[in-house]
Structures are given as C-alpha cells and as structure tokens.
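Notes for the one structure printed next.
The values are calculated or read from the model by the stated rules, or taken from the named source; none is laboratory data. Since this is a predicted model, take the numbers as computed values, not measurements. Backbone-built Cβ (ideal geometry, glycine too); neighbour counts: all protein chains shown. For the accessible areas, the whole protein counts, side chains as well, though only heavy atoms, and no ligand, DNA or RNA atoms are used. Shrake-Rupley method; radii C 1.70, N 1.55, O 1.52, S 1.80 Å.
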Amino acid sequence: MPLQAPCDLQIHVNGQQTFFLHQKVLSRFSGKLREIIKQEKKKTQIKNSGIEILNFPGGAEGFELISRFCYSNGSSNNIKITVSNVCLLICSANFLEMTEKLCCCNLLYKAETFFEGLCYRSCHDILKSLKSCETFFDYATSCGLIQKLITSLVGTLFGSSCSSVSSCSSSEQVKPCSWWFEEMTILPPKMIEEFLRTLGAFGSENNSLLLTRFLLYYLKTSSHFSNCQNLISTSEYRGLADTVVHGVVFMGKTTFSCRNLFWVLRIVSGFGISKECRGCLEKLIGGMLDQATLDDILVCGHNNIGGVYDVNLVMRLVRVFVHHDKVTITKLRKVARLIDKYLREIAPDQTLKISKFLAVAESLPDYARDSFDGVYRAIDIYLESHPVLSLEERSRLCRCLNYEKLSLEACKDLAKNPRISPRIAVKALSSQCSSSIPTIKDNNSQMVLYKKNKSDHHSSSAASDQQSLQEEEHEYMRLNLQKMQWRVVELEKVCRDMKGQMTKMVKTGTQTRALPRLCRSQNF
C-alpha cells in the first residue's frame, strides 16, 4: 500500500535502532502498539521523542519483520516464514499482541500454524529453529517454544520413548560417535541442559553412556571453538561438565580405560567442575594409576600457577592409589617408576619449588622403590636447572634419597657431582659401606659371615648331604666376601678421588677444609 507522508511515529527498539513509521498502519495489527500510541497521544512530545520499546524479544531484526507484515496489509508476500525465523516471529507477535482479535489471519496465528508443522520435520530443521532462539531464549521458554522443540527433537532422535537412551549403559550398545553428535554442537549450553533434563539425564541423574559420549564430544568441540574465538565462559558449561563426570563415574573402569579417564579429566577441567565431581573422578583414576603412562600424568597446570604441570593433581592421584584396597607391591613399584620419570620431566621447570619436588618424590612409601637411581637423576636435573640454589637448599633436596638403595654407579656419580653438597656425598658413601657387609639369615636371625677353622669340620659322623650343604654355604660365603672386597676397593677409590678434589679446592681457597677430616672419621 502507498506510504502516508510524512511518518508520524518514531519507535526506538531496545535502544538499538529507530524506526520511522505510521501510527495507523501499526495500530491495525498490534494491540500493544495501539494502546501505547493512545496513551502517548496525551503527551505533546510524541512526535518529537517517539516511543521507547524495551526488552523486545526479537530486537531490531524482529521489529523490521513486524513492520513489513503490517505494511503489506497482513499479507505474507512481503515476509517469508521459515524454520529460521518462525520462533522470532511468534515471540515478536506475541509481545506486540498481534492476535485474531484485531484482524483475521494476523501474524501470530500464521506463525504458530507454521510452527505446528515444524515439529514433524527433520532434526536439522528443528535444530535450526532452536538455534534461532539463542538471543531471546528466556522469552521463547516462557512461550513454551523451547520445550516443544526439544520434545520434538527427542522424538526424532530416539522415537516416542526415551527408554533407548537410558538403556545404553555399555560400550557394546553404542558407537563412539552417533550421527547427531555434530548436528547438536550448534546449540548453546543452556539448550543442551534442557535437552538432558527432558531425557531425565542431567547432573547426578545421568546414567547413559550414549549421552555421556555425546557430552564429551560437545565439550571438546566447544572448547576448541571457544579457544579459537576467546569466548569461553566456564560458568555456562559447568553443569554439563558435572553431568559428564557423573556419567563416567557411573560407568566406571569397566567402560573407560585409565588413558580415557585422563582425557575426560583434561576436557572437563577446562570448563570447571564441582569439588565433589572432581574428587569422584580423581578417585576413579587414582585406583588405576598403575596403568597410566608419563603422557597421561603430564597435565598442564591451571593458568601456570605453581608450575607448568599440575603437580598437586599427581600427588592427589598417588595418595588415592597408595590407600587403595587392592594395591600390591608390584603395582606400587610400577607407579614408583612412573613417578621417577615424572620427576625428571618436571625438574627443569623454573617455577617448580623444592617443596613441590619433594612432595612428589616422597608421595610414595620407601618400600615402593627397589632403587633410588631415578630419583637421584631427577635431583641432578633439578640442580642443573636451578643453579642459584644455596648449599642448604641443595642439601634439603637430597633428603628424599635412600642412599642404601643407590647403585654403586649412582653413588660414584653423586660423590663426584659438584652440585651435590660434600656432606651429602660423604653420607651416601658411608651408607654404601654399611650396606656392603654380607649377611645370611638362619632361623629368622642374622649372622655376620666369618671364616671357619678346619677344626670345625671335626664331626666326621655327619651325613654326606650335611657336608655338601656346608660346602655350598662356604662357597656362598667366599663369593660374598669377594664381592664385598671389590665393593670396598671401588668405594676407597671414589673416596680418594673425592679427597683429591677437596684438597685442590682447599688450595684454591674454597671453604671445605673440614671434609678430609670427615672422610677419615668414616674410616675411608
């Protein structure tokens, strides 16, 4: 229809955009605008200031579609109702009261008629309509649109019953990724929450492997997109992250391997999970720590606070493992080797404090390690990466070593290591000498071996098998004494080398004059 001139109405929509329109055209189709115009006519400023509409659900885009409908005399020729704008038109028309009371086949009726047919269309069309509600989600929820669309979506995906979803509780029943996983990633987290609530699987109610796998896929995809766009808001995803953890813990280690559990931990940690859920997940992982690899436990720290890697996490996992009911010495030693590798990996970190290093090294009991060579190598790397440590700090770092469980090669290297305190070196060598005296066990008591006289064999009436046993014991004694002599010779050589180095240091003015006396006091 021809426009009336001049425009006699200004409408400011949500403070975003101003529309210059005619009062009679809009009043014919909108009951709310008719009432507002009637009230504003009493004010002399209507032509100058116009009308302010706030919290309009459709925004400027929605109001433009409304205006086109009105100016086309209520015909749909000027606007086309689609799956992408039908929810927008319903909310806008409902807000402006564009009902049948004003005229036949008004916009609200036409949009709702189209929407009823949408519920029987494809999953792709339903998802597009849901996505279009993102900017006016609360208003669309109040109109019942969100719930109707999600109910239709559930029916399209799983049929009329939700029993197929809750029954998917074993890995054999579902594939790692269903066809609709990627389709659903276009929805914001608040709509995914409504989707899960409709299925009765939100939060602690989640016992579905299918939905758990979907959420892992959704969070992983969202994390990648958000990191690229720097738009991540953890508060929006926290409920979904907790739901994932509840599902994973419910399935347990029968469905998820140790490596998969670490993968889950990395995903949900980026979105923030409750303390309770984190504790449950770490308890599950800690019980399987003997199956972990070095790559698994190298989890990055949060915002690099306290170090490059999340050392506190590893200590919590070790604590869970050590106190686990089914832990064995074999599993303990396997974890000990893993932790020794971890120590060597984190040692170069310039932000790693001595207290944290020691906490990791001492998180396992002493009997978990049959050798402390790995711990010594990690200490050496730490000292090399932190050259400004004081003598006291270097000595403190070595407190986690059991010198008696160091190999001769490691002990020799320690004695010659310029980064190790001389006092520690002497202590290590002393422990080596003490542990080199061979002993045998007899009737649960220990006896120091010694050389027997020939007169001890005077008992000629003993049986021949007893003589044979004694000969084997004598041979065992002889070999052990020989090994001890070799070990003492090696240690004496190491001590002489160390004394020579210390003498040179004394001549050059280094303050280590008390060391030779200390060596002599240990009978080297």
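May I ask for the net charge around Glu384, where only other residues with Cβ less than 12 Å from the Cβ of Glu384 are counted and Lys, Arg are +1 while Asp, Glu are -1?
+3
Going by a ≥ b ≥ c, the root eigenvalues of the Cα gyration tensor, does segment 280-415 fall in the rounded group (a/c under 1.5), the prolate group (a/b larger than b/c) or the oblate group?
The shape class here is oblate.
Please report the net charge: other residues with Cβ closer than 12 Å to the Cβ of Phe202, K and R +1, D and E -1.
Around Phe202, the surrounding residues sum to -2.
Cut-off under 15 Å on the C-alpha distance; same-chain residues fewer than 8 positions from Lys80 excluded. Which aspartates and glutamates are left, in chain and number order?
Glu61, Glu64, Glu112
Starting from segment 92-152, pick out the GluC sites (Glu not before Pro) whose DSSP state is loop and whose Cβ has at most 15 other Cβ atoms within 10 Å.
Those that pass, being in a loop and sparsely packed, are Glu100.
Which pairs, out of Lys190/Lys283; Lys253/Lys356; Lys110/Lys148; Lys341/Lys405; Lys38/Lys110, put more than 21 Å between their alpha-carbon atoms?
Lys190/Lys283; Lys253/Lys356; Lys38/Lys110
Could you sort Thr243, Thr255, Thr221, Thr151 by their accessible area in this structure, using a 1.4 Å probe and putting the largest first?
Ranked from most to least accessible, the order is Thr151, Thr221, Thr255, Thr243.
Can you give me the Cα centroid spacing of segment 354-371 and segment 129-145 in angstrom?
55 Å
Using the heavy atoms of the protein chains alone and a 1.4 angstrom probe, what is the accessible area of segment 317-392 per residue in square angstrom?
Ligands and nucleic acids excluded, the result is 50 Å² per residue.
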